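What follows is one structure encoded as structure tokens, with my remarks underneath.
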Amino acid sequence: MSGGSYNYLFAAADLEDLVSRRWDLEEMASRLAGLGYAQDAARETEELLVLYRQWETRASVRLARLSDVWKAVEWWDSNDSSESRVHEALAKYRGDTDGTTAP
């Protein structure tokens, strides 16, 4: 069987697939750039990497901000906490340290 030098990067169907093949994407960008006659494809592959890195940075910031809210809702819905914890988490998320966002 042939192929697979880049772990079948060509078969990536969505962002999840692409994320799991990040190393292969980087290798492909380098390989294309090294060919000398595939600069357009190399540039577009690099653009995908840049987009991924931007998304990763932005998403990690938002994940950190939303984590306590998500946890509070999840724990409330599984009966491990109360609705008041959701209000506290939302106040913290919104930067309302005096708790005035609670109903």
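Just so it is clear, none of the values below were taken in a lab; they were calculated from the coordinates. In this text, all values refer to a predicted model and were calculated from it rather than measured experimentally. Methodologically, a virtual Cβ is constructed for each residue, glycine included, from the backbone with ideal geometry; neighbour enumeration extends over all protein chains shown.
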I want the local charge near A72. Using Cβ-Cβ distances under 12 Å, sum +1 for each Lys or Arg and -1 for each Asp or Glu among the other residues.
-3
Cβ crowding within 10 Å averaged over residues, with 27-34, 13-20 ranked highest first:
27-34, 13-20
Cα axis of helix 39-77 to longest principal axis of the chain: angle in degrees, 0 to 90, nearest 10?
20 degrees
Student exercise, region 33-103 dipole from Lys, Arg, Asp, Glu Cβ charges, in Debye to nearest 20:
160 debye
So what is the relative contact order of the chain, in percent, for Cα pairs below 8 Å that sit 6 or more residues apart?
14 percent
Can you tell me the orientation of helix 22-35 relative to the chain, as the angle in degrees between its alpha-carbon axis and the longest Cα principal axis, to the nearest 10?
30 degrees
Peptide ranges 37-43, 68-74, 85-91 listed from the most packed, as the mean C-beta count within 10 angstrom indicates
85-91, 68-74, 37-43
